[in-house]
Structure formats: structure tokens, C-alpha cells
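Since every read-out is calculated from the coordinates, none of them should be taken as a lab result. As the structure is a prediction and not an experimental result, all values here were calculated from the model. So basically every Cβ, Gly included, is an ideal-geometry build from the backbone, and we count neighbours across all protein chains shown.
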Amino acid sequence: MKKLSVRRRHPLAALVVLLFALAATGGLYAAFAPAKTAQADSSSQSIAIEEGKKLYATGCSSCHGPGGQGSTDGPSLVGVGAAAVDFQVGTGRMPAQQPGAQVPKKQPIYTQAQIDQLAAYIASLGPGPGIPSKKQYDPKGGDIAAGGELFRTNCAQCHNFAGEGGALTDGKYAPSLRGVDPKHIYEAMLTGPQQMPTFPDTTMPEKAKRDIIAYVNDTTRADNPNPGGFSLGRLGPVTEGLFGWIFGLGALIATAVWVAARTAKARKS
Amino acid sequence: MSTNDNPKSREKAPAGQKAADWADGRVGLYNLAKSNLRKIFPDHWSFMLGEICLYSFIIIILTGVYLTLFFKPSMGEVVYHGSYVPLQGVRMSEAYESTLNISFDVRGGLLVRQIHHWAAIVFVAGMLVHMMRVFFTGAFRKPREINWTFGFLLLVMGMFDGFLGYSLPDDLLSGTGIRFMEGAVLSVPIVGTYLSFFLFGGQFPGFDVVPRFFTIHILLLPGIMLGLVVAHLILVVYHKHTQFPGPGKTNKNVVGMPLMPVYMAKAGGFFFVVFGVITLLSAIATVNPIWAYGPYRPDQVSTDAQPDWYMGFSEGLIRIMPGWEINFAGHTLVLGVFIPLIVFPLVLTAIAVYPFIESWVTGDKREHHLLDRPRNAPTRTGLGVAWISLYLILLVGGGNDLFATHFHLSINAITWVVRVSFFVLPPVAFIITKRICLGLQRRDREKVLHGRETGVIKRLPHGEFIEVHEPLPQGKVFELTAHDQPKPLEIGAEVDENGVVRKVKRTQKVRAKLSQAFYGEGSQIPKPTPQEHEEITSGHGHH
């Protein structure tokens with residue numbers, strides 16, 4: 001102790017104290033500071049944002065504005081989140097081909113890697129729903145029966161009881177859910193694209209979403225054994241009536257014509 | 001029938017004859033057979049449309065009996081534990097559960113259910129086509145007006161029995177249909193609410209709806225229909241069948257083949273053809289997949305919620321009607337639903353009363369056993385086509401959403417097209433059809449007078465080219481000229497030569513006007529007279 005008190009007036013003492021203070025501050029900062037900045041992939045994230053920004057400037061900015069602020073031709077993308085980008089670009093809806101009642105689904109023109117870069121850029125503009133993880137949307141984890149009830153309550157009035165799609169006003173429509181990636185169904189519920197309402201986790205919990213996906217996946221799968229024979233599009237009685245008239249009554253009238261044309265011949269006896 | 005064998009007393013008679021003797025002694029079989037087995041029926045494919053209806057009706061009864069063995073007409077709530085996985089653990093009514101069981105757990109249940117439903121679709125379609133055949137050939141004229149009415153009642157009851165039938169499974173689609181009906185009932189001014197409570201035994205949907213519909217569906221309506229079918233057939237036999245005009249076919253005879261053996265074989269065989277076709281249809285195509293609709297819950301609804309096709313025109317009426325609503329003395333009058341509810345029976349009545357209107361207008365009290373060719377009754381044919389066009393455009397209105405999605409159109413645009421067409425299309429169809437009929441009459445006249453165009457071009461000595469026309473065979477000429485061409489009613493002068501005004505009732509005037517429209521100059525082309533035919537075909541004419 002004496003040693004310390006003897007040397008406290010040493011010319012270098014202030015320097016030593018300063019070093020301790022700095023080390024303590026730095027140490028405390030390292031211990032308590034937000035982890036984000038300390039993460040190793042921050043550079044790759046910023047690269048993704050940079051790349052996404054370039055893709056955005058070429059492919060999207062003519063309608064959505066150079067900074068994603070929107071224009072007369074397209075809505076603002078600030079705060080729509082990565083999920084919206086992944087859905088819209090991943091299903092080929094964006095970039096849109098032409099203005100119209102509704103932007104149709106088509107072959108996507110960006111690779112998944114590019115879509116992720118675009119999503120990273122849009123997500124950097126403002127907080128919004130992120131891309132769901134496989135655990136969230138995996139149809140294997142869902143209850144089909146519960147999903148069916150939820151689907152009939154929330155979805156069937158537009159998408160039809162079997163997810164075959166239906167008409168909305170003025171040429172708009174609810175698309176068929178046949179062959180749609182479970183991830184995209186989840187994102188659609190989360191972000192409410194085009195005419196669709198949004199189903200955030202507060203109104204439809206994650207489990208309910210997964211149940212719905214399980215039901216849709218089950219009812220629209222290609223190997224679904226339609227128990228009654230040909231499904232006739234699963235569009236209700238309209239197609240059944242058409243089928244019955246053409247192939248039921250049509251076949252019977254054809255037979256009637258055939259029977260009537262074969263009249264008994266008088267035998268000479 | 002048991003054959004009451006008594007080999008000792010009649011050893012030589014074969015078993016069949018013995019059975020016949022037995023029956024004759026009790027129900028007068030021989031007399032019945034004598035008068036009916038040789039009954040003559042004319043040959044034409046369109047005369048078999050009624051058979052299609054009769055046979056599909058029988059098929060519906062047969063399959064319906066099988067279904068009642070397994071169906072539970074109850075709204076009691078149960079949790080499903082059957083073999084259809086996507087609905088396991090879901091709450092539903094016993095009616096829906098038992099229909100699922102019929103579909104998945106009863107042997108042959110799904111096939112029989114589908115035969116029952118497809119046969120119903122074909123049955124009503126067949127009745128409509130049969131009715132159109134009778135309409136366009138004028139087969140409803142005296143003495144067959146009552147049978148026309150029976151047939152019409154069968155059509156209406158078939159429609160409603162079909163509606164009740166597909167409402168029974170209590171699935172989401174049919175529940176929506178009943179909800180629609182409840183809305184229509186509620187729209188009736190003053191008594192609507194009471195009617196609805198009476199119908200459902202309280203608040204919709206309640207527990208009474210399925211048991212009540214079941215009784216009406218399997219007992220009340222089919223019972224009445226069966227009676228009407230029998231009456232319909234008795235009258236067909238009593239009136240004898242109509243036939244198309246032709247050589248040797250008059251208003252007083254029937255030319256064709258006897259019931260025994262020709263029609264016994266043809267009609268009997270045709271029953272199996274109808275059963276076969278409908279079974280095939282049921283084996284390859286789904287109808288009413290109730291498992292996909294899910295159980296009915298009033299808080300759920302699916303798009304593509306349409307009725308079966310025969311109720312489709314009522315759906316069209318409601319879909320094209322603007323949602324008008326007025327408030328009168330504190331009561332809301334939902335015109336958007338009430339007006340379609342009123343128009344619905346009017347559409348049906350319009351075609352039902354036509355025979356009576358025609359007979360009043362034409363004043364024709366003669367019996368008619370020879371059919372009209374549709375072209376020779378242009379006004380009737382035009383009105384019939386106008387009615388069909390109205391019916392079809394309403395079907396389009398009823399399926400407007402599917403037209404929108406499948407033809408990439410706006411549903412609003414389709415609705416407006418149907419709204420305008422509802423008023424414009426029938427008159428246009430009437431005018432066009434009438435003109436086509438008149439054109440065909442001119443063509444008939446031309447054929448009778450100048451023969452058939454052979455396509456052979458002949459050059460005459462002086463250089464003129466002519467096409468050789470071949471005179472029609474005598475029988476064909478008869479066919480084309482056999483029809484009557486009635487003259488329009490004349491009221492006569494309203495003021496006689498002394499200046500005295502004769503009183504003419506307003507109805508008389510209307511009737512004369514209508515008669516003019518039916519048979520006046522613009523409504524028929526005078527058929528060639530024998531003199532004209534003589535003059536041209538005698539060789540002194542132009543060719």
C-alpha cells in the first residue's frame with residue numbers, strides 16, 4: 001500500500017489511471033452494448049442491402065420511387081417488410097407486367113438469392129414482418145381439421161371451399177391456392193397482398209396459420225384422392241349442372257336418337 | 001306373382017298361361033292387355049324425352065330408398081370420428097355425419113349417393129327439354145292442356161324436391177342455400193318474420209329444419225309426384241300419342257309400332273340405357289362433394305355458392321337485382337330480395353299459362369293430334385325462344401362469378417350485361433326467331449313449287465344456264481303443305497250500314513289484335529295452293 005501511495009505522484013500515474021479507466025469503459029461497453037454491432041455477419045448484411053439497392057434501382061424504382069417512397073404508379077415500400085418482398089417477387093407478381101385490375105402470378109424473374117437481397121434492402125427502409133422460418137409454415141406441423149375450420153371461416157368466402165379461387169369485384173379475383181409454396185401462403189396471410197386482408201399474429205396466431213397451411217396443402221395436393229371421381233374443378237354446382245346437361249342428358253338424347261332411328265322392319269310373311 | 005300351380009286340373013297349359021289366367025280372373029288382365037298391348041306409338045326420338053324423365057325418376061326413388069336406410073335426419077350435434085381424415089374431430093350435425101358415413105363407410109354408399117344426385121340433375125333437365133318439345137310442336141293443344149299442366153307441376157315439384165334433397169346433408173353449401181331461402185322468406189312484407197319462424201321452428205337454423213325437409217323430400221313431394229306421373233301417363237294413353245304430319249298420318253290415326261313387342265323392348269331397353277348412363281356418370285364424376293364443403297355453420301360461407309342448375313335462374317334473379325331497400329312507416333322493405341322472389345314464380349308461370357293464352361287468342365277449339373313443325377307457328381316459336389333466352393341469361397347471371405374467373409372478365413360488367421339482357425334479349429330473340437321461321441316457310445314454299453336444287457347446271461340451246469330442279473316426291477310435298485294456316489279473328493265493322501254502333505268489348509279488341517299478331521300477314525307465308533303447284537309443275541312454267 002505504501003508503494004502505491006509513494007508513487008501516486010509519479011508523472012506517469014495519470015497515464016496509468018487513464019489506461020485503467022479506458023479499459024473499464026471499453027470492457028463495460030463490450031459487456032452491455034447491443035449485440036447487433038458486434039455480430040460478425042454485419043458486413044455481409046450490408047453487402048446484401050447494397051446489392052438489393054442496386055437491383056431495386058433497376059427493377060423497381062420506376063414505380064416505387066428511387067428511395068422506396070412510392071409514386072403514383074406504385075405504393076410506398078417503407079415498412080412493408082421482407083415478407084412482402086419475398087411473397088410479391090417470389091411468386092412473380094412483382095415486377096408487374098402491366099397495370100390492370102390485379103397483378104397476376106407469373107414465373108418469377110429473380111433468383112431466391114436476389115429476392116433475399118431485395119428483401120434485405122426493403123427491410124432496411126423501415127421495420128416490417130420478416131420472412132418466416134420453415135418451422136413456422138411447415139404443413140407437417142399443422143392440424144388439417146382445425147385448419148379446415150379456420151379456412152372456411154376466414155378464407156373460403158373468396159378462395160372457395162377447396163382453395164380453387166373466386167371472383168371479386170371489377171375483374172379482381174382471389175387466386176387459386178393450388179401449388180402455392182407454404183412459405184408464400186404464410187407471407188400472404190402476414191402481409192395481405194393486393195385485395196387480401198392482413199392476418200397478423202395478433203388476430204391469427206402462428207399455430208392457426210400453420211393449421212390453415214396444412215389444410216390448403218392437403219386439399220390442393222396433386223395426389224389428393226378425390227373420392228367421387230373427376231372433381232369437375234371443385235367449383236360447386238355450376239360445373240356439375242353443365243356436366244350433367246352435356247354428358248348426362250346429352251348422352252341420353254344421343255341414345256334416344258339412336259334407338260328411334262332403328263325402327264322395327266315389317267316382315268313379309 | 002306366385003303362380004298358384006294346380007297341375008292336376010290344367011295339365012297341358014304352360015305355367016305362363018296359368019299365371020295369366022289366374023290374373024285375368026282377378027284383375028281382368030286379358031281385357032287390359034287387349035286394349036293396351038297393341039297400343040300404337042309413333043317413332044321419333046323427341047318422343048323419348050319423357051321416358052328419360054320417367055326412368056330417371058324411378059332411379060331416384062330406388063337409390064333414395066337405399067339412402068334413407070343410412071341417413072339420419074337430425075340436427076343433433078356430434079363430433080366426427082369417421083374415416084375421412086380432414087374432418088376428424090370437427091363438430092357437426094348428425095345429418096352431415098351420416099352423409100359422410102354414406103360417402104365413406106357404407107358399401108356402395110358414395111356411388112348410390114352420386115347416382116341419386118346425378119339422376120336428379122338429369123331428371124329436371126329432361127323435364128325441361130321434354131316440356132320444350134311439347135311447347136314447340138304445339139302438343140299442348142286440346143285435348144292435352146291438362147296433361148301440360150300436370151307436366152308443369154311435375155317440373156316445379158321436381159325443382160323444389162331437388163332443392164330440399166341437396167339441403168338435407170347440412171353441409172356448408174346447402175346451409176348457405178337454406179340461408180338464402182330464409183332471407184327470401186324474411187323479405188316478404190309484414191308476415192316474413194312469422195313465416196320464417198314457422199318454417200324453421202324458431203330462429204334459423206334451429207333443429208327442425210332437417211327433419212322437416214326430410215319428410216317433405218322423401219314423402220310429401222315424391223308422393224304427389226308419383227300420383228301426377230301416373231295421371232300423366234294415363235292421359236298419354238287415353239289421348240294417344242301425337243305424331244308429326246306425313247303421308248298417311250292424319251288427325252284421326254296414329255302411325256307407328258305397337259307397344260307389344262316393339263315398344264316393350266325399346267322402352268324397356270331404354271330404361272337400362274338410362275340407368276347405365278347415369279351410373280357411368282356417377283362412377284366417373286363427383287357430384288356435390290359435401291366432404292369438401294365442410295359442415296354448415298352460419299358464420300361460414302364459401303364462394304361458388306350456387307344452387308343446383310334448376311334453381312340457378314332464381315340465383316340469377318337475386319344476383320342481378322340492385323340492392324334496393326325502402327323504409328316505410330318504420331318497416332324496412334328489402335326490394336332487392338323481394339322483387340326477385342316475386343319474379344321467380346312469374347318466370348315459371350309465363351311458360352305454364354301460354355297454352356291457355358294461345359287457345360284463347362286463336363279461338364281454336366278443335367282437337368289436335370298432329371304436331372306443328374315449329375316454323376309453321378312463328379309467333380309461338382318466337383315466344384318460346386324468348387322465354388328460353390330469358391332463362392339462359394338468368395343462368396349466366398347466377399353463375400356470374402365463374403364466368404368472371406374463367407373468361408377473365410369483370411363480374412360487375414357481366415352483371416350489367418345480364419341486367420340489360422333481361423329486358424332486351426327476349427324481344428330480340430323473339431324477332432330473330434320469328435324471322436328465321438318465316439324464312440324457313442319461304443324455303444318450304446320454294447321447295448314445293450320449284451323442287452330441290454340438284455346442283456346440275458344445264459346450258460340451254462340459246463346459251464342460258466339454268467340449274468336443274470328436281471320436283472319433290474309426293475310424300476314430301478304433303479309433309480310441307482299439310483299444316484293449317486288459320487286466319488286471324490275479325491271483329492267485323494263496328495258501325496253497320498245504318499250507322500248503328502255495335503258494342504265491342506275491349507277484350508274482344510285485344511284478342512283480335514293478338515290474333516292478328518299470331519296469324520296476320522307478317523306472321524305466316526301463304527303456303528302454296530294446289531293450283532299454284534299444278535300450274536308450275538305442269539310444265540307450262542318457266543323451267
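Using unit Cβ charges (K, R positive; D, E negative) and no other charged atoms, how large, in debye to the nearest 20, is the dipole of the stretch A:132-222 about its Cα centre?
180 debye
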The stretch B:233-307 and the stretch A:194-269: distance between their alpha carbon centers, rounded to Å:
21 Å
For chain A, with a Gaussian network of springs between Cα atoms less than 10 Å apart, report the residue from A:Asp73, A:Asp143, A:Asp116 with the top mean-square fluctuation.
A:Asp73
Give the lysines reachable from B:Lys12 as a straight Cα distance under 29 Å; neighbours fewer than 8 places away on the same chain don't count.
B:Lys34
Largest-first ellipsoid semi-axes for the stretch B:87-159, taking √(5λ) over the Cα gyration tensor eigenvalues, angstrom
40, 12, 8
Where in chain A are the DSSP H helices whose alpha-carbon span along the long axis reaches 24 Å or more and whose Kyte-Doolittle mean is at least 0.0?
A:13-32
Counting C-alpha atoms alone, how compact is the stretch A:40-130: give Rg to one decimal and Dmax as a whole number, in angstrom.
12.5, 45
Could I have the simple spin-label model distance between A:His10 and A:Phe32, label points 7 Å from Cα toward Cβ, reported in nm to one decimal?
3.0 nm
Give me the mean projected area, in nm² to one decimal, of the convex hull enclosing the Cα positions of the stretch B:141-275.
12.1 nm²
Considering amide H positions built from the backbone, and no H for Pro or chain starts, which residues 5 or more places from B:Lys249, or on another chain, come under 5 Å of its amide H?
none
Using only the Cα atoms of the stretch A:92-142, what semi-axes does the equivalent ellipsoid have when each is the square root of 5 times a gyration tensor eigenvalue? Give whole Å, largest first.
23, 17, 12
Could you work out how far the C-alpha centroid of the stretch B:135-203 sits from that of the stretch B:406-435, in angstrom?
26 Å
For the stretch B:97-113, take each phi angle, set θ = phi - 60°, evaluate the Karplus expression 6.51 cos²θ - 1.76 cosθ + 1.60, and give the result in whole Hz per residue in order, putting x for glycine and proline.
4, 5, 5, 5, 5, 4, 6, 10, 10, 8, 4, x, x, 5, 4, 5, 4
When Rg is the radius of gyration of the Cα atoms in chain B and Rh is its Kirkwood radius, what does Rg/Rh come to?
1.05
Residues in the stretch B:344-371, backbone N under 20 Å from the label point at B:Gln516 (7 Å along the Cα-to-beta-carbon vector): list them, ranges by number please.
B:358-364
Show me the three semi-axes of the equivalent ellipsoid for chain A, from the C-alpha gyration tensor (sqrt of 5 times each eigenvalue), largest first, rounded to whole Å.
66, 22, 14
Inter-probe distance in nm under a simple model that places probes 7 Å from Cα toward Cβ, at A:Asn226 and B:Asn498
8.3 nm
Anchor B:Lys476: aspartates and glutamates whose Cα lies under 19 Å away (excluding residues fewer than 8 positions away in-chain):
B:Asp43, B:Asp372, B:Asp444, B:Glu446, B:Glu453, B:Asp484, B:Glu532, B:Glu534, B:Glu535
Just to compare against my own numbers: the Cα pair-distance distribution for the stretch A:132-222, 5 Å bins, whole % per bin, please.
3, 15, 27, 30, 17, 6, 2, 0
Answer with one residue from B:Ser93, A:Ile131, A:Gly241: the one whose Cα lies farthest towards the positive end of the charge dipole of the protein assembly as shown, charges on Cβ with Lys, Arg +1 and Asp, Glu -1.
A:Gly241
Under the rule of at least 5 residues apart or a separate chain, name every residue whose amide H is placed under 5 Å from the amide H of A:Gly192.
A:Phe199
Take A:Asp223, B:Asp171, B:Asp208 and order them by how many other Cβ atoms sit within 10 Å, fewest up front.
A:Asp223, B:Asp208, B:Asp171
Which ³J(HN,Hα) values, rounded to whole Hz and listed in residue order, are derived for the stretch B:53-68 from phi using the Karplus coefficients 6.51, -1.76 and 1.60 in 6.51 cos²θ - 1.76 cosθ + 1.60 with θ = phi - 60°, glycine and proline given as x?
5, 4, 5, 5, 4, 4, 4, 4, 5, 4, 5, x, 4, 4, 5, 5
Among A:Ala119, A:Pro66, A:Gly100, whose Cα projects farthest towards the positive end of the dipole of the stretch A:40-130, with charges put on the beta-carbon of Lys, Arg (+1) and Asp, Glu (-1)?
A:Gly100
Sum up the charges of everything whose Cβ sits under 15 Å from the Cβ of B:Arg419, counting Lys and Arg as +1 and Asp and Glu as -1, but leave B:Arg419 out.
0
How large is the dipole of the protein assembly as shown about the Cα centre if only Lys and Arg carry +1 and Asp and Glu carry -1, each at its Cβ, rounded to the nearest 20 debye?
720 debye
Taking the Cα centre of chain A as the origin, how large is its charge dipole in debye, to the nearest 20, when only Lys and Arg (+1) and Asp and Glu (-1) carry charge on their Cβ atoms?
540 debye
Show me, for the stretch A:160-166, the HN-Hα J-couplings you get by feeding each phi into the Karplus relation (A = 6.51, B = -1.76, C = 1.60, θ = phi - 60°), rounded to Hz, glycine and proline as x.
6, 4, 10, x, 8, x, x
Using bins 5 angstrom wide from zero, how does P(r) for the stretch B:1-155 break down, in % of all Cα pairs?
2, 8, 11, 10, 9, 10, 10, 11, 10, 8, 6, 4, 1, 0
Using Cα centres only, tell me the gap between the stretch A:64-139 and the stretch B:499-530 in whole Å.
74 Å
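I'd like the per residue volume of the convex hull spanned by the Cα atoms of the stretch B:219-359, given in cubic angstrom.
Measuring per residue, one finds 262 Å³ for the Cα hull of the stretch B:219-359.
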Can you tell me which lysines have their Cα less than 24 Å from the Cα of B:Lys505? Leave out same-chain residues fewer than eight positions away.
B:Lys365, B:Lys487, B:Lys513
Positive-end residue of B:Phe160, B:Leu54, B:Val191, charge dipole of chain B with Cβ unit charges:
B:Leu54
Provide, for the stretch A:132-222, the number of lysine pairs with alpha carbons under 21 Å apart, each pair being eight or more places apart or on different chains.
11
With only alpha-carbon atoms counted, please give the Rg and Dmax of the protein assembly as shown, in Å.
38.1, 159
Give the long-range amide H neighbours of A:Gly166: residues separated by 5 or more places, or on another chain, with amide H under 5 Å away, using H modelled in the peptide plane at 1.01 Å from N.
A:Ala174
